[in-house]
Amino acid sequence: MGTSEDLRLNRRRVLRTLATGAAGVATSPLWVEALIALSDEAGQIRAHAHASQPAVAASWTPKALTPAQNETVIVLTELIIPETDTPGARGALVNRFIDDVLQKAPQGERESFVRGLGWLDRQSRTLFRSDFAAATPAQQADLLTRLSAEGNPAREQQAGLDFFRVVKAMTITGYYTTEIGLRQELGDPGQLYLPRFAGCDHPEHQA
């Protein structure tokens, strides 16, 4: 990975590899399953309401997350679904979707997610002496590789793996229930969202 473009994870490869964590895993703790279920429910509601391109009101502030935590979510989700010829997770305001899900989630699940963000920063400081959002793109990509199935076959760092699985699932749902994800990225003609992503041929995303 030598250039900034090389550091951007290919969107289709992300959906084939990293996003496999969105499928059920028997060893996942209940908070992981609960947040993924809440995210799926919120995504269905939004998509069936014919989701349009999200508003870009400058006055928006996170309600469940602190500004610093929100920035980490922005960086993290953009690494999962980066901008290519169409906007990525940042452009689709996936962070706002995640914040909204967390705001409506029970306190325990919300606190578990926040602990995951803290874990990510601690791990980044241990490895790179900086919080995750302040690390270089190469360092951020390296840390996420350690949390992928390919980069961590022994499933070490279980807390990080659980958190990353939640973020991947919420990012995918948040992105592909927007006008950007459905129409610009997938070319969906109007058959919105569930039970399958129109134009998405990856079996892990089919109901």
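Quick one: Thr72 ticks every box in (1) part of a loop (DSSP other than H, G, I, E, B); (2) modelled with pLDDT of 85 or more; (3) more than 13 Å from Lys168 (Cβ to Cβ) bar one, so which box is it?
(1)
Just the residues that are under 15 Å from Phe97 (Cβ atoms) and either among the aliphatic types (A, V, I, L, M) or at pLDDT below 75 (or both), please, taken from the stretch 49-68.
Ala49, Ala51, Ser52, Gln53, Pro54, Ala55, Val56, Ala57, Ala64, Leu65
Could you pull out the residue among Ala154, Ala138, Ala134, Ala149 that is over 18 Å from Glu33 (Cα atoms), at pLDDT 95 or above and of a type in the set (Gly, Ala, Ser)? Quick ask: steps written out before the conclusion?
On the way: Ala154 fails: at pLDDT 95 or above; Ala138 fails: at pLDDT 95 or above; Ala149 fails: at pLDDT 95 or above.
After ruling out the rest, the residue left standing is Ala134.
Please go through the stretch 75-88 and pick out each residue that is in contact (Cβ under 8 Å) with a residue 40 or more places away in the chain and either closer than 16 Å to Leu144 by Cα or not in a loop (DSSP other than H, G, I, E, B) (or both).
Val75, Leu76, Thr77, Leu79, Ile80, Ile81, Pro82
The values are calculated or read from the model by the stated rules, or taken from the named source; none is laboratory data. All values reported here derive from a predicted model rather than from experimental measurement. Don't worry about glycine lacking a Cβ; one is built from the backbone with ideal geometry, like all the others, and counts go over all protein chains shown.
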